[in-house]
Amino acid sequence: MKPSHVLWTIAAGIAGLGAAWAHGGATGIVKERMDAMTEISRNVKLVGQMLKGNAAYDGVEIARAGQAIATHAGDAMIKLFPEGSLKAPSEASPSIWNEWTQFSGYADSLQTSAQSLKGLAEQGADQKAVAAAFGKMAGTCKACHEAFRIKK
């Protein structure tokens, strides 16, 4: 499989996780962050489908998706993880708070890479450049999930 296809497969898998997350019974901050992750997932999936050719490529829509992802990343994401917010059905690992610098670094990296995706799409960059930015962003999602999401 080509490396670019691997990235799209990873991105599609990450995006699909949003639909699989059980939100039943989630309340308060846990529900807020699950909703934010679902919104991120929905936008990652949308862009991934365009870049794989399963949906029409639309730079305006990719820019909008990048902005939506960036809005839920960085400080906005960090605020959704107050210490000890592990109430079921949370899938957050307690290691988030032990490795806060790494976790917050992922949140910031997601915001930066989503803003880059948005900017490239707005500037009319070629699809290859947009795909590279998307791959970096999806890699950040994957790395954070591997480090800080409990697999259920």
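What follows is calculated from the coordinates using simple rules that are stated; it is not laboratory data. Fair warning: this is a prediction, and the values are worked out from it, not measured in the lab.
Work out, step by step, the length gained on full extension between Asn98 and Leu86: first 0.36 nm times the residue separation, then minus their alpha carbon distance; give nm to one decimal. Please report the intermediate quantities before stating the final value.
Details: separation 12, 0.36 × 12 = 4.32 nm, distance 1.37 nm.
The Asn98-Leu86 span can extend by a further 3.0 nm.
Too long at a 25 Å Cα-Cα cut-off: which of Lys118/Lys152; Lys45/Lys118; Lys31/Lys142?
The pairs that break the limit, which is 25 Å between Cα atoms, are Lys118/Lys152.
For the range 81-130, with equal point scatterers placed on the C-alpha atoms only and solvent neglected, what are the log10 I(q)/I(0) values from the Debye formula at q = 0.13, 0.26, 0.29, 0.32 1/Å, to two decimals?
Debye output, listed in q order: -0.49, -0.92, -1.04, -1.13.
Expressed in whole Å with the largest first, what are the equivalent ellipsoid semi-axes of the range 37-85 derived from the C-alpha gyration tensor as the square root of 5 times each eigenvalue? Write down the numbers at each step before the final one.
Values: eigenvalues 144, 23, 6 Å².
Taking √(5λ) for each eigenvalue gives 27, 11, 5 Å, largest first.
Give the Rg (one decimal place) followed by the Dmax (whole number) of the range 59-152, computed from C-alpha coordinates and expressed in Å.
Taking only Cα atoms of the range 59-152, I get Rg and Dmax of 14.5, 44 Å.
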